[in-house]
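Report on the following structure.
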Amino acid sequence: MNRLTCSLLILSIILLIPAAGEGASELLALESPRAGVKLKLLLDKPENPEAVLVMFPGGLGNVGVASMGGGVGIGKELQNNFLVRTRGEYVKKGLAAAILDTPSDLPDGMPVPFRMSKDHAQDLIFVIETLKQRLGVPVWLVGTSRGTISVARGLAEESPQLSGAVLTSSILQAGEKWPVRGSHPNVLLNMPLENVTVPVLIVHHRKDACEETPPARVEDLKGKFKKARTVELKWIEGGLPPKSGPCQALSAHGFYGVEGEAVLSIAEFVKANLK
């Protein structure tokens, strides 16, 4: 029995109260190819998905997926995250949404160096292969804020099973105390993305005031994808007055008040570039 077949032995599939879309939700608990490490995904899907979006929230990635009272729940820390709170909207548009939680060997979350690591890349490739085999549809990576570092790491691996990627509120400037500031001061702009060939969509709010995601550097990010089959930049404007800090979810950084436009742009790009 090969590694992928062994790893596809899902430890649990538990019904979850549905997200704000059609179809049921599941908790997929998988054995990582890294010895002793377990991975959890919150999967929302329509009956016949056209593609599956593997989603990476920002911060430390602590979604907190867990079984609760015969069902499944998620923690409070990232409930407002742009990708977490809109996952049901993708389901309505015929796309599955699989949110990857933190691995079991990092109970306190994924720091930036881990998101850039070979261990994380190993987990990502395994998840891509698993969902491709399980659902039989194109697999895309979608990240927001620090989640875009995970997506960039996955893109750098050039997995033949990966069909495309979406980067929203991309990290383009390292935080003052980040340990990667010396080697990757401009974060995604310092990562090896020049050989990426799959379609890439970049979504950014023009008024994003987070110092780590400066709109002035977004065109530079688009220029990194020199070999991508398609690369598009979608600017989002407007929205509601912020109810959080500039680097938090309920602000322009999290597309607060214009979620629908951002989600529609992502869904339309994915469907236009299915293979």
Looking across the stretch 226-275 at residues that are within 29 Å of E158 (Cβ to Cβ) and among the small types (G, A, S), the single one that is surrounded by the fewest Cβ atoms within 10 Å (Cβ to Cβ) is A272
Report whether or not D108 is modelled with pLDDT under 95, among the acidic types (D, E) and under 15 Å from L27 (Cβ atoms). no
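Could you count how many residues in the stretch 128-160 are surrounded by fewer than 21 Cβ atoms within 10 Å (Cβ to Cβ) and in a helix (DSSP H, G or I)? Working first, answer last.
Residues of the stretch 128-160 surrounded by fewer than 21 Cβ atoms within 10 Å (Cβ to Cβ): 129, 132-137, 156-160.
This time we only want the ones that are in a helix (DSSP H, G or I), so: 129, 132-135, 156-157.
Looking only at that region, the number is 7.
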Would you pick out the residues in the stretch 149-182 that are among the β-branched types (V, I, T) and touching a helix residue (DSSP H, G or I) at 6+ places or on another chain (Cβ under 6 Å)? I149, V166, I171, V180
Are any residues in the stretch 105-138 among the β-branched types (V, I, T) and closer than 28 Å to D208 by Cα, and if so, which ones? V112
All positions within the stretch 100-118 that are touching a residue at least 12 places away in the same chain (Cβ under 8 Å) and in contact with a helix residue (DSSP H, G or I) (Cβ under 8 Å, 6 or more places away or on another chain): L100, P103, M110, V112, R115, M116, S117
Of all the residues that make up the stretch 8-63, how many are modelled with pLDDT of 90 or more, among the charged types (D, E, K, R) and in contact with a helix residue (DSSP H, G or I) (Cβ under 8 Å, 6 or more places away or on another chain)? 5
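The values are calculated or read from the model by the stated rules, or taken from the named source; none is laboratory data. Bear in mind that the values here come from a model prediction, so they are computed numbers and not experimental data. Here the Cβ is made from the backbone with ideal geometry for all residues, glycine too, and neighbour counts use every protein chain on show.
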